[in-house]
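Asker: Before we start, here is the structure in question, set down as structure tokens.
The values are calculated or read from the model by the stated rules, or taken from the named source; none is laboratory data. Every value quoted in this text rests on a predicted model; they were computed, and no experiment measured them. Positions of Cβ are backbone-derived with ideal geometry, glycine not excepted, and every protein chain shown enters the neighbour counts. When the accessible area is computed, the model is the full protein with side chains, heavy atoms only, and any ligands, DNA or RNA have been set aside. Shrake-Rupley method; radii C 1.70, N 1.55, O 1.52, S 1.80 Å.
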Amino acid sequence: MSNLPPSMDPISVLDKAIADAPELIEDASTLAELEAVEGSIVGKDSPVGEVRRAMGKIDAALRPAVGAKLNEASSRVTKLIDARRQVLQAAEEVRQLSAEAIDVTLESIRLKRGAINLVQQTIDEVVDIFVGLGYQLASGPEAELAYYNFDALNTPPTHPSRWESDTMYLDWGDPSDEVLLRTQTSPVQARWMETHEPPVYIVVPGRTYRKDTIDATHLPVFHQIEGLAVDTNLKFSDLKGTLLHFAKEFFGQTTEVRLRPHFFPFTEPSAELDVSCFSCDGGEPGCRVCGGAGWLELLGCGMVDPNVLDAAGYDSTRLSGFAFGMGPERLAMTRHGIDSLRHFIENDVRFLEQF
Ligand code: DAH
């Protein structure tokens, strides 16, 4: 009993431990604290521990009573500790779960929804108008033979558009198998007629290339939409009526058209089509859209040159046709008052999201 205060007998030491235990244990607020409390009540160096160690030296007559008290103390303390441990463990689990929880109510990162580019929207709209008239959608290669881009379209080897300063050649040299990036969608006219029987009513959107430096009105890569109609009795009035219908559908029902004489190698006669200004209806000096001219230049067109029909193997004495070609970038610029082609390629969302 060396370390016990001499004044205290083992029974009262144990009674005190039993009496103090509930409050001490209840006060432990973490598992680590509880372990420390357990040690302080029944551990090796606790008063109870001292009694346990001193058992051998206790009077034999007192020993059974002290032993019984010792058992009672340790079993009561163990029960209280176990109960408290369960409570603290449950609390610890709750704490850990909430610390590791994923908050599914957090706003997710949303990718902004894109839109179809204005040029493609314009192409779709134009194609729709012609499909509505019974035209078929056609396409051809962007890497094209000089034969289809020029020769089959009645464009002689000396024509300036064939110069290397204007056309991007992929394989330049022998005119019979020169490959180039097509400068127009017109070669699809020849390709289609070579492989299809008349009548022909096709609309051909596609990408085209020219050796131009980027500025407000030029892009080296741009788009065209070609139209070709070949049948047994097509006249210039059919061309005009078709394009008038297109202009009204695209710009509005009050739109008027006018044709100005022009030249294209593959049409005879050839013309440029103007539409009346949709903004001022041709009546406003200094109009923001037409500058007061009243007319907007829209596209090239004409009656298919008989040489083009013949080159494709069609009988030009029996068939006639008309063709037209327009630029969707220009259509979109005209309609929306866009001042530079650069907007189409700069990917500035402030521009793109307006359409
Ligand atoms: N291919 C011509 C160009 O790029 C546009 C054109 C004009 C197409 C008249 C045609 C047409 O089919 O008949 O300038």
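Asker: At a 1.4 Å probe, what is the % contribution of carbon and sulfur to the accessible area of region 235-334?
Answerer: Carbon and sulfur atoms account for 50 percent of the accessible area of region 235-334.
Asker: Solvent-accessible area of residue 30, probe 1.4 Å, all protein chains present, reported in Å² to the nearest ten, please.
Answerer: 60 Å²
Asker: Projected onto the charge dipole of region 10-99 (+1 at Lys/Arg Cβ, -1 at Asp/Glu Cβ, origin at the Cα centre), which of 36, 80, 51 gives the Cα projection farthest towards the positive end?
Answerer: 51
Asker: How big is the chain by the Kirkwood estimate over distinct Cα pairs, in Å?
Answerer: 27.8 Å
Asker: Next up: Is the shape of region 10-99 rounded, prolate or oblate, going by the alpha carbon gyration tensor and its root eigenvalues a ≥ b ≥ c, with a/c under 1.5 for rounded and a/b larger than b/c for prolate?
Answerer: Cα axes put region 10-99 in the prolate bin.
Asker: In deg cm²/dmol, rounded to 500, what helix-only [θ] at 222 nm does the chain give when every DSSP H run of at least 4 residues adds -39500 (n - 2.57) and the total is split over its residues?
Answerer: The helix-only estimate for the chain comes to -12500 deg cm²/dmol at 222 nm.
Asker: Additional query: Exactly which GluC sites (Glu not before Pro) in region 82-158 are in a DSSP loop and have at most 10 other Cβ atoms within 10 Å?
Answerer: 107
Asker: Right, another one. Tell me the per residue accessible area of the chain using a 1.4 Å probe; a whole number in Å² is fine.
Answerer: Ligands and nucleic acids excluded, the result is 55 Å² per residue.
Asker: For residue 136, list long-range residues whose amide hydrogen, built 1.01 Å from N in the peptide plane, is under 5 Å from its own amide hydrogen.
Answerer: 201, 202, 203
Asker: Please give me, ordered by residue number, the trypsin sites (Lys or Arg not before Pro) of region 112-189 that lie in loop per DSSP and have at most 10 other Cβ atoms within 10 Å.
Answerer: Here the trypsin sites (Lys or Arg not before Pro) that fit, given the DSSP loop and packing criteria, are 112, 113.
Asker: So which lysines pass the test for residue 16, namely a Cα distance under 16 Å, with those fewer than 8 places away in the same chain ruled out?
Answerer: 69
Asker: Also: Considering only the other residues whose Cβ falls under 15 Å of the Cβ of residue 199, what net charge follows from Lys and Arg at +1 and Asp and Glu at -1?
Answerer: Computed value for this residue: -2.
Asker: Treating cross-link reach as a plain straight distance, find the lysines whose alpha-carbon is under 21 Å from the alpha-carbon of residue 240, omitting any fewer than eight places away in the same chain.
Answerer: Once the sequence-local lysines are set aside, what remains near residue 240 is 248.
Asker: Taking H as built 1.01 Å from N, whose amide H comes closer than 5 Å to the amide H of residue 302, not counting residues under 5 places away?
Answerer: Counting only residues 5 or more places away or on other chains, the set is 271, 323.
Asker: Then there is this: Keeping the other protein chains in place, figure out the carbon and sulfur percent of the accessible area of region 10-99, with a 1.4 Å probe.
Answerer: Carbon with sulfur: 56 percent of the solvent-accessible area.
Asker: HN-Hα J couplings of region 118-124 from phi, Karplus 6.51/-1.76/1.60, θ = phi - 60°, integer Hz, Gly and Pro as x?
Answerer: 4, 5, 5, 4, 5, 4, 4
Asker: For the chain, which cysteines have no disulfide-compatible partner, meaning no other cysteine Cβ under 4.7 Å?
Answerer: 301
Asker: So, by mean Cβ neighbours within 10 angstrom, what's the order for 10-23, 250-263 with the highest one leading?
Answerer: 10-23, 250-263
Asker: Give the percent of DSSP beta bridges with both residues in the chain that are antiparallel, rounded to the nearest 5.
Answerer: Bridges in the chain are about 95 percent antiparallel.
Asker: Between beta-carbons, use under 11 Å as the cut-off and find the net charge around residue 274, counting Lys and Arg +1, Asp and Glu -1.
Answerer: -1
Asker: About the Cα centre, and with charges only on the beta carbon of Lys, Arg (+1) and Asp, Glu (-1), how big is the dipole of region 63-213? Nearest 20 debye, please.
Answerer: So the dipole magnitude of region 63-213 works out to roughly 2020 debye.
Asker: Still on this structure, please answer the following. Using a 7 Å offset from the Cα along the Cα-to-Cβ direction at both residue 221 and residue 105, what is the distance between the two label points in nm, to one decimal?
Answerer: 4.9 nm
Asker: Charges at C-beta only: +1 for Lys and Arg, -1 for Asp and Glu. How large is the resulting dipole of the chain about its Cα centre, in Debye rounded to 20?
Answerer: Roughly 1160 debye for the chain.
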